[in-house]
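Encoded as structure tokens, the structure appears first; notes follow it.
Please treat every number below as a calculation from the coordinates, not as lab data. Here the structure is a predicted model, which means the values were calculated and not measured. Cβ coordinates were reconstructed from backbone atoms using ideal geometry, including for glycine residues, and neighbour counts include every protein chain displayed.
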Amino acid sequence: MLVRALCLRRQGVKLTPEELRAATPLVGTLILDKSTYKGRDGRGNQVCLLMPTGNSTVPHVELFSARLIRIEQRGILIGGEEDIWKRKKRTTYPQVLWAWPFSPDAEKIEPPKSASSVHLSEFLAQIAAIA
């Protein structure tokens, strides 16, 4: 499923509302599947991958011991554990991913023009002339 997603934690610590508003959503395909090792590696039976669109094979987000926390009209919450590697040392942090579906066709629809958009374009042209 093609989604936009936000990670709600950074190294196990909840992000503040200001940080969440400033964060850019990741775009990709959300996959919730069984782990290839079926939990024998101590990372749980399920894994959640947020794969980027295109030919990349490296996931944006990889959650081990993934579980579906909540399904709402606004999106879904998936919790799990995220591994961060520093050289040969692995550190595991709790992570929550909030994802909501979207259509790439919706991006192509231009928002309606308002009276202020004319003034804004004139203002931007004046700034460009100064620079």
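Tell me whether the range 4-15 contains one or more residues that are among the aliphatic types (A, V, I, L, M) and under 22 Å from SER103 (Cα atoms).
First, the residues of the range 4-15 that are among the aliphatic types (A, V, I, L, M): 5-6, 8, 13, 15.
Checking the rest, the ones that are also under 22 Å from SER103 (Cα atoms) come to 5-6.
The answer is yes, given that some residue of the range 4-15 is among the aliphatic types (A, V, I, L, M) and under 22 Å from SER103 (Cα atoms).
Scan the range 1-41 residue by residue and report those that are in contact with a strand residue (DSSP E or B) (Cβ under 6 Å, 6 or more places away or on another chain) and of a type in the set (S, T, N, Q).
GLN11, THR29, SER35
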